[in-house]
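Notes to accompany the following structure.
The values are calculated or read from the model by the stated rules, or taken from the named source; none is laboratory data. Because the structure is a prediction, the values reported are computed rather than measured. We place every Cβ from the backbone using ideal geometry, glycine too, and count neighbours over all the protein chains shown.
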Amino acid sequence: MNQLIRSRFRIIIAYLVYAVLVAGLAWVFHQNTFHNELIALRAQGEVRLSEASSRLRLQIDSHRALTNVIANDTRIVQAIAEQRYAEAKSALEEFEATYGAWRIDLSAPDGTILFSSSNASPDVRHSDAFLQAALNNRLGFAQALENGERIIKLSRSVLIDHSRPAGVVVLSVSLAALEFEWPVAPEPIVFFDVEQLAFSSNRPNLLLLSRGQDPEIAAFNLTKSTRNRGLQLWQFRPPNGDFLEVIKAEQFVPHLDLTGVIFLDTSEPRATARLRSILVLAGAAVLGLIGTVALQQRRGRVFEQQYSSQLEARVEARTHELRGAQDALVEASKLAALGRLSAGVSHELNQPLAAILNFAENGQQFLARGRSGPAAQNLTLISDQVRRMARIIGNLRAFARQEVAPTEQINFGNVVASALELSREDIAEAGVTLDCHLPEEALFVLAGQVRLEQVVLNLISNALDAMAQSKRKDLSLALRCAGDTAVLTLSDTGHGIADVSAVFEPFYTTKDLGASKGLGMGLALAHGIIARFGGTLSCNNLDVGAEFRIVLPIVEGSNA
């Protein structure tokens, strides 16, 4: 026993040492993978940032060229020289419509706007430094916010006789219009101006945020997090968003005096590192499992002989218990079958017994009045019902024993008419409006007269019970020929079926349990009877009430 305990203790120590070594290996692998993925991610981000910077610079450079074209346009030069400002304004409007500028101004050397393509406000004045660059025959460049619009301004002097500057063309470009042409990028890219204001971005919710110290401007939510071997990680939270761990890459764009920054989400590198470390752990676990299985097999062979006799005894005892349980189950099945058969007999005999009672009471009244003829007729009807009960009992016995009861060619329409005749008093007493459509030609099917009539009677009785509490009581029966089948449709305006899928199961009922017609066997028996005739009995709910449908094959050659 002590040797077994020492063996188990050595195994536990070996497992712990192996687990510590595997965990350390997985951690080192995770850190190396994460660092390499961050380096690759930053390299990709620098490429995307360089592409975005070049794209913005090319967009603005195209407007630089347009500024030179407008400043050297003969219409503009002549209009200024001759002070025909209306013609110049028309030319500027044409340039704006053609090239998509936000606004084009022509100002005097002192900054006063002479005319504009978009009727600029008279309060708008351009800075002296901006105009001075154009007056010194350079291309002026400036960034501005006008009425909440982010603007890039380009200026060029208009020379008369190629020597004397008489005005300055100022071309204003909307950054929003330029950003609209950018392709969708997965990472936020922001261009900050010299005051550290987010002047341009592919994310509108990051615009005009400040990463400087200006307390009057909403701050750019970016804080330092941890470092990974010299790579700084940041906590970045966009407006109305969640915190993200990112790394960033920056690039200064000298032509635009902007600093581009791209923010790269580290969740994918972390997921890659985590996945690879999990693969390392899984591989180590597989190796450990193989070793454990080998060890368990070795130990199993040692203890196999010790426990084999005990296992055989337990198996024999369990087998004996299972045999007893199986015998009890067989007895319970017999009792359940007997209960189902009794319930079926009670249900199927209910209607003939009710008819016998009705005929007996009528016969007594006829005898009391001395009318022996009608009384004898009622006695004959009672005899018919007794014979009918005998046939029903025979059918139920055949149903319970799965016997094949004899069938014959019968007229389906006559069966329906007979069932309606037997139910006519019940229909009238229930206040139900009957709508029956039977075909003039005979529809012969292969079935049992009494059994098929009993199915139709059962459906009619169920329909009357379903409409007992309905305000509208309509019962519709329609028999028709559909190809090589006869179809009987019976619909009511009752409460419908709660569970259509279970309606043909034994003991399913929507009536009160214990009632004379509430045993739940009628539809189960009807379904089995129709199936033995080679047909189908189906049910579905309507907008109001339910519909049952009997489909039986027509006997070939009987309807010619």
Check: When you look at residue 43, is it in a helix (DSSP H, G or I), among the small types (Gly, Ala, Ser) and under 41 Å from the mean Cα position of the chain (by Cα), yes or no?
Finding: yes
Next item on the list: Would you be able to tell me the number of residues in the stretch 242-277 that are under 26 Å from residue 51 (Cβ atoms), under 33 Å from the mean Cα position of the chain (by Cα) and surrounded by 13 or more Cβ atoms within 10 Å (Cβ to Cβ)?
Entry: 9
Note to self: With the requirement that a residue be within 23 Å of residue 491 (Cβ to Cβ) and either surrounded by 22 or more Cβ atoms within 10 Å (Cβ to Cβ) or of a type outside the set (Asp, Glu) (or both), what does the stretch 438-458 give you?
What the structure shows: 438, 439, 443, 445, 447, 451, 452, 454, 455, 456, 457, 458
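Which members of the stretch 189-209 meet the condition of being within 18 Å of residue 252 (Cβ to Cβ) and not hydroxyl-bearing (Ser, Thr, Tyr)? Spell out how you get there, then give the answer.
We begin by selecting, within the stretch 189-209, every residue within 18 Å of residue 252 (Cβ to Cβ); these are 189-201.
Result: 189, 190, 191, 192, 193, 194, 195, 196, 197, 198, 199.
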Notebook entry, point to check: Of (1) modelled with pLDDT of 90 or more; (2) within 37 Å of the chain's Cα centre (by Cα), residue 474 satisfies all except one. Which?
Noted result: (2)
Note to self: Restricting to the stretch 331-373, name every residue that is modelled with pLDDT of 80 or more, of a type outside the set (A, V, I, L, M, F, W, C) and either in contact with a strand residue (DSSP E or B) (Cβ under 7 Å, 6 or more places away or on another chain) or surrounded by 14 or more Cβ atoms within 10 Å (Cβ to Cβ) (or both).
What the structure shows: 358, 362, 363
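Return the only residue of 171, 145 being more than 15 Å from residue 261 (Cα to Cα) and crowded, with 16+ Cβ neighbours inside 10 Å. I'd like the intermediate steps shown before the answer.
On the way: 145 fails: crowded, with 16+ Cβ neighbours inside 10 Å.
Answer to the selection: 171.
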Check: Mind checking which residues of the stretch 160-212 are touching a residue at least 40 places away in the same chain (Cβ under 8 Å), part of a strand (DSSP E or B) and not aliphatic (A, V, I, L, M)?
Finding: 165, 167, 172, 174, 191, 192, 199, 200
Checklist line | Cβ pairs under 6 Å, 6+ apart, first in the stretch 481-502 and closer than 30 Å to residue 555 by Cα and touching a residue at least 24 places away in the same chain (Cβ under 8 Å), second in a loop (DSSP other than H, G, I, E, B) and among the small types (Gly, Ala, Ser) | finding: 492/545
Next item on the list: With the condition kept exactly as written, say whether any residue in the stretch 479-498 is among the charged types (D, E, K, R), on the phi < 0 side of the Ramachandran plot and surrounded by 14 or more Cβ atoms within 10 Å (Cβ to Cβ).
Entry: yes
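Which residue out of 113, 80 is β-branched (Val, Ile, Thr), under 30 Å from residue 181 (Cβ atoms) and surrounded by 12 or more Cβ atoms within 10 Å (Cβ to Cβ)? Working first, answer last.
Numbers: 80 fails: under 30 Å from residue 181 (Cβ atoms).
Criteria check complete, one pass: 113.
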Next item on the list: Filter the stretch 477-501 down to the residues that are modelled with pLDDT of 90 or more and of a type in the set (S, T, N, Q), then identify the one that is farthest from residue 526 (Cα to Cα).
Entry: 493
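What are the residues in the stretch 219-228 that are part of a loop (DSSP other than H, G, I, E, B) and either among the acidic types (Asp, Glu) or within 10 Å of residue 197 (Cα to Cα) (or both), if any?
Our first condition is that a residue be part of a loop (DSSP other than H, G, I, E, B); within the stretch 219-228, this holds for 220-221.
Listed by number, the list holds a single entry, 220.
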Next item on the list: Collect the residues in the stretch 418-429 that are among the small types (Gly, Ala, Ser) and loosely packed, with under 15 Cβ neighbours inside 10 Å, keeping them in residue-number order.
Entry: 428
Next item on the list: Might you let me know whether the stretch 124-131 holds any residue that is within 28 Å of residue 201 (Cα to Cα), buried (at least 19 other Cβ atoms within 10 Å of the Cβ) and either at pLDDT 80 or above or of a type in the set (Lys, Arg) (or both)?
Entry: no
Checklist line | Cβ-Cβ under 8 Å pairs, at least 6 apart or on other chains, the stretch 356-380 side without any contact (Cβ under 8 Å) to a residue 60 or more places away in the chain, far side of a type in the set (Val, Ile, Thr) | finding: 356/382; 356/386; 359/382; 360/382; 363/382
Note to self: So, residue 383, is that one modelled with pLDDT under 80, surrounded by fewer than 17 Cβ atoms within 10 Å (Cβ to Cβ) and of a type in the set (Ser, Thr, Tyr) or not?
What the structure shows: no
Check: Any idea how many residues of the stretch 229-241 are touching a residue at least 12 places away in the same chain (Cβ under 8 Å), part of a loop (DSSP other than H, G, I, E, B) and over 38 Å from the mean Cα position of the chain (by Cα)?
Finding: 1
